[in-house]
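Student: Below you will find the structure I want to go over with you.
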Amino acid sequence: MSQRIALFFISLVMASKVIAETTVLPTIWEADRLTIYSATDLNAIAPLLDTFSAQNPDIKLEYREFNTQELDRAIRAKPLVDQPDVVISSSMDLQVRLVNDGYAQPVFGEAVEALPSWANWRNEVIGFTYEPIVFVYNKQAFEEKTVPLTHESLASAMRIDDDFFIHKVGSYDARRSGIGYLVATQDEVTSSISGRLQESLGRARTQVYGQTSMLLDDIASGALIFGYNLLGSYSFAREKRDSRIGVVIPQDYALVVSRAVFISKQAKHVSNAQRFVNFLISKEGQEVIAKKSELMALNPDIDALLSRQNIQDQTINFHPIPLGPALMVYLDDSKRRRFIKAWENALLSINEDQ
């Protein structure tokens with residue numbers, strides 16, 4: 001996705017009590033602005049920004065939107081003195097690497113200490129959403145077909161019914177999409193059949209995309225009939241608006257991404273940044289996420305999620321991806337090159353030979 005920048009100006013107020021107790025109160029110079037760089041669709045996060053601004057009407061909020069890899073490059077291209085105040089991305093691995101490389105400072109507050117361990121690394125990068133990685137399908141195409149509910153059943157279906165699936169499956173391009181690379185590598189860590197599934201995706205001539213919205217558009221239109229490993233928040237939000245698509249949380253295991261946020265080490269508006277990040281993980285912020293936004297709250301109603309699937313066996317193994325140094329293993333240059341080469345050989349070599 002080419003970089004698109006959305007400037008969203010809102011007003012924010014003086015520090016809340018919890019932040020005032022843990023940080024220095026803002027100066028007049030500092031109190032009038034907060035800059036956020038984010039790999040989150042503005043429409044998806046707007047209810048959070050609206051609620052925060054209603055509580056804080058005196059500070060201008062600048063929100064700039066990128067895709068995940070563009071965001072990482074933008075942060076690394078800027079000197080520390082020119083960094084935004086807050087950085088948000090679903091590419092947890094890229095966020096962890098930025099923090100490890102010294103781009104962040106600690107977040108303070110009781111809500112931070114209450115986070116599950118997998119959603120907090122060193123109090124410097126924290127998760128504030130809970131977003132399963134899902135399958136998405138075109139309902140009309142599957143009217144007389146069984147929808148695959150597990151990774152293994154999907155691999156088998158693509159092998160047995162290849163005429164039905166060929167050229168009609170879509171997934172993220174692990175070379176261009178940060179979230180695509182993250183979930184592809186975590187599939188390899190989590191599942192013993194990831195190699196076989198990649199080969200099945202290759203035989204189906206899987207089409208690869210850099211953007212979730214384009215994938216969902218093509219599934220809805222019927223240009224594709226199935227989407228593999230899509231971000232659950234955007235998929236469920238589209239399902240609500242578009243009766244042509246269905247969403248499945250895989251029953252055997254479901255990777256869970258948490259949108260990760262950190263405060264820049266040399267943020268110019270530190271107190272405002274602390275207040276905003278604490279709001280994201282506060283009870284109020286989580287309720288806004290759950291009830292008003294297109295994201296999914298950190299402590300989701302699992303029963304409600306599963307009831308939407310009409311699944312008899314509601315024993316899905318949710319597998320939250322932990323924030324931490326293990327995520328940087330696949331960011332090593334040589335490891336990344338090897339993984340991408342194997343991924344290309346499995347998914348794309350057949351396509352390129354046609």
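The values are calculated or read from the model by the stated rules, or taken from the named source; none is laboratory data. It should be emphasised that the depicted structure is a prediction, and the values quoted were computed from it without experimental measurement. Glycine gets a Cβ as well: all are built from the backbone with ideal geometry, and neighbour counts include every protein chain shown. Accessible surface is based on the protein model in full, side chains and every heavy atom, while ligands, DNA and RNA are left aside. Shrake-Rupley method; radii C 1.70, N 1.55, O 1.52, S 1.80 Å.
Student: Name the residue that is most open to solvent (accessible area, probe 1.4 Å), counting only residues in the range 151-175 that are part of a loop (DSSP other than H, G, I, E, B) and of a type in the set (A, V, I, L, M).
Tutor: Ile166
Student: Quick check on my filter: what residues within the range 191-212 are within 18 Å of the chain's Cα centre (by Cα) and open to solvent by 40 Å² or more (accessible area, probe 1.4 Å)?
Tutor: Matches in the range 191-212: Gln211 only.
Student: On to the next question. Can we say Gln140 is of a type outside the set (Val, Ile, Thr), closer than 23 Å to Gly227 by Cα, open to solvent by 30 Å² or more (accessible area, probe 1.4 Å) and modelled with pLDDT of 95 or more?
Tutor: Taking the combined requirement at face value, the residue satisfies it.
Student: For residues in the range 83-132 being in contact with a Lys or Arg (Cβ under 8 Å, 6 or more places away or on another chain) and hydroxyl-bearing (Ser, Thr, Tyr), which is surrounded by the fewest Cβ atoms within 10 Å (Cβ to Cβ)?
Tutor: Tyr103
Student: Could you grab me the full set of residues in the range 176-190 that are open to solvent by 20 Å² or more (accessible area, probe 1.4 Å) and not in a helix (DSSP H, G or I)?
Tutor: Within the range 176-190, Arg176 is the sole residue that qualifies.
Student: Okay, next question. Is the range 38-45 home to any residue that is modelled with pLDDT of 95 or more, surrounded by 19 or more Cβ atoms within 10 Å (Cβ to Cβ) and part of a helix (DSSP H, G or I)?
Tutor: yes
Student: Still on this structure, please answer the following. I need a count of the residues in the range 237-268 that are in contact with a strand residue (DSSP E or B) (Cβ under 6 Å, 6 or more places away or on another chain), open to solvent by less than 10 Å² (accessible area, probe 1.4 Å) and more than 20 Å from Lys145 (Cα to Cα).
Tutor: Qualifying residue count for the region: 10.
Student: Here is a further query. Could you please find all residues in the range 181-228 being closer than 18 Å to Pro148 by Cβ and either among the charged types (D, E, K, R) or in contact with a Pro (Cβ under 9 Å, 6 or more places away or on another chain) (or both)?
Tutor: Once the filter is applied, which keeps residues that are closer than 18 Å to Pro148 by Cβ and either among the charged types (D, E, K, R) or in contact with a Pro (Cβ under 9 Å, 6 or more places away or on another chain) (or both), the range 181-228 yields Asp187, Arg196, Glu199, Arg203, Arg205, Phe226.
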